[in-house]
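Contents: one structure, followed by commentary.
The values are calculated or read from the model by the stated rules, or taken from the named source; none is laboratory data. Predicted model only: the values in this text are computed from it and were never measured. Don't worry about glycine lacking a Cβ; one is built from the backbone with ideal geometry, like all the others, and counts go over all protein chains shown. The accessibility values were calculated without ligands, DNA or RNA, using every heavy atom of the protein model including side chains. Shrake-Rupley method; radii C 1.70, N 1.55, O 1.52, S 1.80 Å.
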Amino acid sequence: MIEEVKLKQIKLAAYKDLISAEDYAEIEKLAKDLAGIKVVHLNTTSTGGGVAEILLSLVPLLKGVGINADWYTISAPKKFFEITKQIHNFLQGKKGDLSDAQREFYLKVNQEVAADFAAITADIWIIHDPQVAAVIEYHPNLHPSAWRCHIDTSHPNVFVWHFLSTFAQKYDRYIFTMRKYLGPGLDFKKAVVFTEAIDPLNRKNKAISKIKAEKVIERFGLDPQRPLITQVSRFDPWKDPWGVIDAYRVAKKEFPNIQLALIGSFASDDPEAYNIVGDLKKYAKGDPNIFILSNQDGVGYREVNGFQVASRVILQKSTREGFGLTVSEAMWKGKPVIGGKAGGIVEQIADGETGFLVTTATQAAEKIIYLLKNPKIAEKMGRVGKARVREKFLITRLLRDHLRLYDELVQS
Ligand code: UDP
């Protein structure tokens, strides 16, 4: 049931020019003190979505600084992921409740995962997200450990929060992206708060020329001479892709030649996405200037990079968002970002300085029009945004926060 994700190490030295000497020295010092400890990360998938994206860089960097970091994912029946996507939706505020049978099945799979870990030892366990949070219930030696919640639990469904938080409580620490995600039943003294981060050196974020980016979008039938606005996201109700289409339609009245790309990927733990794509295609009503594309059309890291670089404006119109890596990814490419006033997006976008925070599609449309009409301001916002990401949201900062936590945990 558990599968190890084998990755090569990445050396910290590769990031030396990107971070301050002080931060670099702190990481080296922490890593020296922790050298050789074994840390196990567990989540559900190594492809698709933000958690996989983070671990694909964080685990090799941990290895590179001398931590014996292992990463496991799980394989489970589709039914399990249907239930866990519901748990995700409930924790982000959906009304309703899980049935007893769903709870039982969720626990059964977590018990099986725990059994697979029976023979594996570690100095520290980091368990990601609700899907595998209950493993601690069935694994008595899962200590010291932290539960890393990546989702927006600012307005959770109380029934499902109560169910999940009983497992969360059993960890030595819980890590949230924002303090306001902490809910009832949790001990504030055990809470750790830090944001996610992007890897500036992976293929998605490496600098590419405008010409290269334009070639990418041309391959998918877009016209590089015409303005492009893009949202890159899993196909998920909380990302509000319908609102993005609505905003595009309003902006189109002022800029009739505008193009919209909705770039999404399918993750094995997100079965809901297929229905949403079908629905979006209907919603787009055959508009030839709306491009709904995914990894199944050949959109990989390089292409995501190309679409972001070729865009005049990036949107992330979420109504709930744990962090939203796509916002920092776009800011790193010097793009102004219009984001939903939700969760971790608020932490990233400095409203009016690096982009705009919006609630409605009409507001998003106004800001699209404003940025298309004022390219100099858009460029300046992009520059300020990039500096902000360099300061706050690069993977080296996340590496430092993890090392600080491990240091605390091994001493506890
Ligand atoms: N992503 C991708 N291809 C896509 C759509 C998304 O590679 O077609 C990536 C995106 O670039 C980002 C991650 O998936 O790195 C999504 O992370 P985010 O935190 O924005 O959202 P999540 O999926 O975790 O809710």
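Of the strands (runs of 3 or more DSSP E) lying entirely inside region 1-85, those containing at least 2 residues that are under 23 Å from L325 (Cβ atoms) span 38-42, 68-74. The numbered conditions (1) away from the ligand (no atom under 11 Å from the Cβ); (2) closer than 16 Å to A213 by Cα are all true for I263 except (1).
Every residue, every condition in (1) within 12 Å of the ligand (Cβ to nearest atom); (2) in contact with a Gly (Cβ under 7 Å, 6 or more places away or on another chain); (3) not β-branched (V, I, T), yes or no:
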| residue | (1), (2), (3) |
| --- | --- |
| V299 | yes, no, no |
| V304 | yes, no, no |
| G344 | yes, yes, yes |
| G352 | no, no, yes |
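Within this structure, H143 fails the test of being crowded, with 21+ Cβ neighbours inside 10 Å, of a type outside the set (G, A, S) and either at pLDDT 95 or above or away from the ligand (no atom under 16 Å from the Cβ) (or both).
Which one is most open to solvent (accessible area, probe 1.4 Å) among residues in region 75-88 that are more than 19 Å from the chain's Cα centre (by Cα) and of a type in the set (A, V, I, L, M)? Once the filter is applied, the top-ranked residue is A76. Residues that are of a type in the set (K, R) and open to solvent by less than 10 Å² (accessible area, probe 1.4 Å) within region 317-327 comprise just one, K317.
Restricting D240, D269 to residues that are closer than 23 Å to S154 by Cα and within 12 Å of the ligand (Cβ to nearest atom) narrows the list to D269.
Quick check on my filter: what residues within region 15-41 are closer than 22 Å to I198 by Cβ, open to solvent by less than 60 Å² (accessible area, probe 1.4 Å) and of a type outside the set (V, I, T)? Answer for region 15-41, where residues must be closer than 22 Å to I198 by Cβ, open to solvent by less than 60 Å² (accessible area, probe 1.4 Å) and of a type outside the set (V, I, T): Y15, L18, S20, D23, Y24, E26, L30, A31, H41. Candidates in region 183-202 are the residues that are assigned to a strand (DSSP E or B) and away from the ligand (no atom under 16 Å from the Cβ); of these, the one that is farthest from A13 (Cα to Cα) is A191. Take Y406 and tell me if it is among the hydroxyl-bearing types (S, T, Y) and either under 26 Å from E303 (Cβ atoms) or under 23 Å from the mean Cα position of the chain (by Cα) (or both). Yes: the conditions hold for Y406. Check region 91-103 and report whether any residue there is within 25 Å of V5 (Cα to Cα), open to solvent by 70 Å² or more (accessible area, probe 1.4 Å) and touching a residue at least 12 places away in the same chain (Cβ under 8 Å). No; the residues of region 91-103 include none that is within 25 Å of V5 (Cα to Cα), open to solvent by 70 Å² or more (accessible area, probe 1.4 Å) and touching a residue at least 12 places away in the same chain (Cβ under 8 Å).
Of everything listed in (1) surrounded by fewer than 22 Cβ atoms within 10 Å (Cβ to Cβ); (2) in contact with an Asp or Glu (Cβ under 7 Å, 6 or more places away or on another chain), the single unmet condition for G185 is (2). Within the bounds of region 44-60, is there any residue that is at pLDDT 95 or above, under 15 Å from V5 (Cα atoms), over 16 Å from the mean Cα position of the chain (by Cα) and not hydroxyl-bearing (S, T, Y)? Among the residues of region 44-60, at least one is at pLDDT 95 or above, under 15 Å from V5 (Cα atoms), over 16 Å from the mean Cα position of the chain (by Cα) and not hydroxyl-bearing (S, T, Y), which makes the answer yes.
Residues in region 42-64 that are within 16 Å of the ligand (Cβ to nearest atom), open to solvent by 20 Å² or more (accessible area, probe 1.4 Å) and under 17 Å from L12 (Cβ atoms): L56 alone. Just one of the numbered conditions (1) open to solvent by 30 Å² or more (accessible area, probe 1.4 Å); (2) touching a residue at least 12 places away in the same chain (Cβ under 8 Å); (3) closer than 30 Å to F291 by Cβ; (4) part of a helix (DSSP H, G or I) is not true of K180: (3).
Counting only helices (runs of 4 or more DSSP H) that sit wholly inside region 203-316, those with at least 3 residues that are open to solvent by 30 Å² or more (accessible area, probe 1.4 Å) are 210-219, 241-254, 273-283. When I67 is tested against (1) within 15 Å of the ligand (Cβ to nearest atom); (2) touching a Gly at 6+ places or on another chain (Cβ under 9 Å); (3) aliphatic (A, V, I, L, M), just one condition goes unmet, and that condition is (1).
When region 104-135 is limited to residues that are of a type in the set (V, I, T) and open to solvent by less than 40 Å² (accessible area, probe 1.4 Å), the one that is farthest from A146 (Cα to Cα) turns out to be V109.
Scanning region 272-297 for residues that are within 26 Å of the chain's Cα centre (by Cα), farther than 23 Å from I338 by Cα and more than 13 Å from the ligand (Cβ to nearest atom) yields a total of 4.
Here are some residues: D401, D351. Which one is of a type in the set (D, E) and open to solvent by 40 Å² or more (accessible area, probe 1.4 Å)? Answer to the check: D351.
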